[in-house]
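Structure, as C-alpha cells:
No lab work stands behind these numbers, since they all come straight from the coordinates. Quick caveat, the model's predicted, so the values are computed rather than measured. Neighbour counts run over all protein chains shown; Cβ positions are idealised from the backbone, glycine included.
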Ligand code: NAD
C-alpha cells in the first residue's frame, strides 16, 4: 500500500491484462472511512475504454494458453492463490474494516476463512466432466462441460472479499476469465487481491480488476459489453433488474445473489438461550448489513415477552465502536446513505405502530463524531405487514413478530418477496423437519444460524436471486454443456429417396 502526500493510501492503477495501468477514461475516487466520514484511500476507477481493454484482455486470455490449460494446472494456480490469501488474510481484514467499517473481529473471522473457498474450487477444477449418454449402438453420445467465457463479476460493499471469492473460485475452476468490478465504496481489497493473482502466476488477462461506478459507469459498461458472456452479481434487487435490462440486448447469462428478509423462528419448545445467541448475533452482525441475517424474528407467543426482554438486555451489551478496536462488536454503517436509510426505517417502524424497545438513534458523541454509527435497535409488536418486516433495511434493526403455532409461523415466514435464508429453533425433531420442509428459502438452518461454508450451496428463491454459489452447484452457472453425437455407422437415410 502506497501512502500519498495527504496521508491517504494510494491505489492509482487498474489491473488489466496482467499489467498495472492508469485509467484511460476514468480517474481517481476517494474511499471513505465510515468511522470518520473522511477519505482514507484514493483509488483508480475505470471508464468505458478501461472496461473495453479489460474485456479484450479477458477474451485474449480465454483464447490463449489459459483456454487450453488442463484442470489440474488451473487447480495448482488456485491452490497457490489460496496460500497467498491465507498468508495475508489478517492484513486484508484490516483493509476491509477500514473500507467498510466492519468490526475487525468480524472481518478477521470472515477473511481468515476465505482461503477455504479457493481451495475448494481448486479441488473441483480437474473434475469438470460430462457424461456418456447410453443410446442404441448406432451412436456414441457424450456431453462436455465448457467455460461460459468472459465473466463480469460485480460485487457489493458489505462483504467485498467473500462475495469475490464466491465468484472467482468457480469462474477460475471452470476455466472462465474474469473482469471484476468491486463496489465503489470498498474497492481497496480487490486491488490487493489482484496483486496475489499476479503473484500466483495466473496468465495475463485471466483476472482483471477495474474499480468503478455502477449505473452509468464501469458496472453498466461491463453489463452492456457484447463480448462479456455472463454477469455474476451480488447486490440489490433493483440493481439486478437494471442489469437484466442492460444485459438483455446481448442475451447474457446471469447469476444473482440479492437481498433477504429472513425469518428466524423461535418456537416455545426451543432451547431459548441458544436461540437468543443466534437471533441477537444475527440481528446486529455486520451492523445489520448482510443479506443472510435474521431480521424478522418470529417468536411463539408463550415465550414472546421473555425474548423481547432478552433482546433489550443483549442490545445493551453490544459494544459499538471504532472498527479497528479489538473490543468493538459493531462498527458504523458503511455509508452516510445506509445510515440515513436505517434511520428512516426506524421512523417507519414507529409511524406504523411498532414498539421501539431500545436503540434507533445515531451516535455522534465523542469519538463517534462524524462517523456513521447507529445503536443496535429492537422493535417489538411488529406485524408482518409493516415496512420494517417487509423491506430490507440493511441496518442493525431486529423486528420481533409474535405467532401462534406452526401454521402461522410458516405462513408469516413465507409471506415475503424474498427467499434467501431462514432459521428455526425447536427441540422437537419432527416439528423441525416439518417446518423446515415448508419454508421457501435457499437455506434453512435448524437450531443453528448463518452456517455458510464453501461446500454449502447458497442462493435465493423468489426475489433473492438466480442460481447458487458455493458447493458443487456453483459450477453450473459458469459452464455450458455441449452434447456430441457420433454415429458408429456413418450411414444417414436419404429423406427424399421415395
Ligand atoms: P448495489 O446493488 O447497490 O451495488 C452492488 C454492485 O452493483 C456495486 O458494485 C455497484 O457499483 C454495482 N452497480 C450498481 N448499479 C449498477 C448498474 N446499473 N449496472 C451494473 N452494476 C451496477 O448493492 P450494495 O448496496 O452494494 O449491496 C447491498 C445489497 O447486496 C443488499 O441488498 C444485500 O442484501 C445484497 N447482498 C446479497 C448477498 C447474497 O449473497 N444474496 C450478499 C451480500 C449482499
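Centroid-to-centroid, using Cα positions, region 121-144 and region 163-209 are 29 Å apart. Residue 316 to residue 248: FRET efficiency via 1/(1 + (r/R0)^6), r the Cβ-Cβ distance, R0 60 Å, to the nearest 0.05? Computed FRET efficiency for residue 316 and residue 248: 0.75. Output the 0 to 90 degree angle, nearest 10, between the alpha-carbon long axis of helix 48-63 and the longest principal axis computed from the alpha carbons of the chain. Result, in degrees: 50.
Cα extents for region 263-446 along the principal axes, largest to smallest and rounded to whole angstrom: 51, 32, 29. Beyond 46 Å, the tail of the calculated P(r) for the chain holds 15 percent of the Cα pairs. Bridge orientation summary for region 263-446: considering DSSP beta bridges with both residues in this region, about 20 percent are antiparallel. The angle separating the long axis of helix 429-438 from the principal Cα axis of greatest extent in the chain is about 60 degrees. In this simple spin-label model, placing a label point 7 Å from the Cα along the Cα-to-Cβ direction at both residue 139 and residue 83 gives a separation of 4.7 nm.
If R0 equals 56 Å, the separation of the Cβ atoms of residue 370 and residue 129 corresponds to a calculated FRET efficiency of about 0.50.
Normalised by the number of residues in region 263-446, the average gap of Cα pairs under 8 Å and 6 or more apart makes the relative contact order 28 percent. Extending 7 Å from Cα along the Cβ direction at residue 28 and again at residue 3 yields two label points whose distance is 1.7 nm. Summarising the strand pairing of region 1-51, around 80 percent of its internal DSSP beta bridges are antiparallel. Extension gain, residue 38 to residue 440, is 140.5 nm, computed as 0.36 nm per intervening residue step minus the present C-alpha separation.
If you plug the beta carbon distance of residue 60 and residue 473 into 1/(1 + (r/R0)^6) with R0 = 35 Å, you get a FRET efficiency near 0.70.
Counting neighbouring beta carbons within 10 Å and listing from fewest to most, the residues 1, 161, 69, 322 come out as 1, 69, 322, 161. Here the sum of -39500 (n - 2.57) over DSSP H runs of 4 or more residues, divided by the residues of the chain, equals -11500 deg cm²/dmol at 222 nm, to the nearest 500. Once both labels are positioned 7 Å from their Cα atoms along Cα-to-Cβ, the gap between residue 481 and residue 199 label points is 4.0 nm. An ellipsoid equivalent to region 48-180, defined through the eigenvalues of its Cα gyration tensor, has semi-axes of 33, 19, 13 Å when rounded to whole angstrom and sorted largest first. Spatially, region 457-498 and region 392-409 are offset by 40 Å when compared through their Cα centroids. Would you work out if region 20-76 is rounded, prolate or oblate? Take a ≥ b ≥ c from the square roots of the eigenvalues of the alpha-carbon gyration tensor; rounded if a/c is under 1.5, else prolate when a/b is larger than b/c, oblate otherwise. Oblate shape, in that a/c is at least 1.5 and b/c is the bigger or equal ratio.
Per-residue Cβ neighbour counts within 10 Å put 256, 142 in the sequence 142, 256, beginning with the fewest. Extension gain, residue 273 to residue 238: 0.36 nm times the residue separation minus the Cα-Cα distance gives 8.9 nm. Residues 466, 117, 66, 129, ranked from the fewest to the most other C-beta atoms within 10 Å, line up as 129, 466, 66, 117. Region 295-364 and region 227-264 have their alpha-carbon centroids 29 Å apart. Using the average count of surrounding beta-carbon atoms within 10 Å as a protection proxy, the listed peptides 351-360, 190-199, 329-338 rank, highest first, as 329-338, 190-199, 351-360.
For the chain, the relative contact order comes to 17 percent (Cα pairs under 8 Å, sequence separation of at least 6).
Across region 1-146, the mean sequence separation of Cα contacts (distance under 8 Å, 6 or more residues apart), normalised by length, yields a relative contact order of 18 percent. Any chance you could give the angle, 0 to 90 degrees and rounded to 10, that helix 160-174 forms with the longest Cα principal axis of the chain? Taking Cα atoms only, the helix is inclined about 20 degrees.
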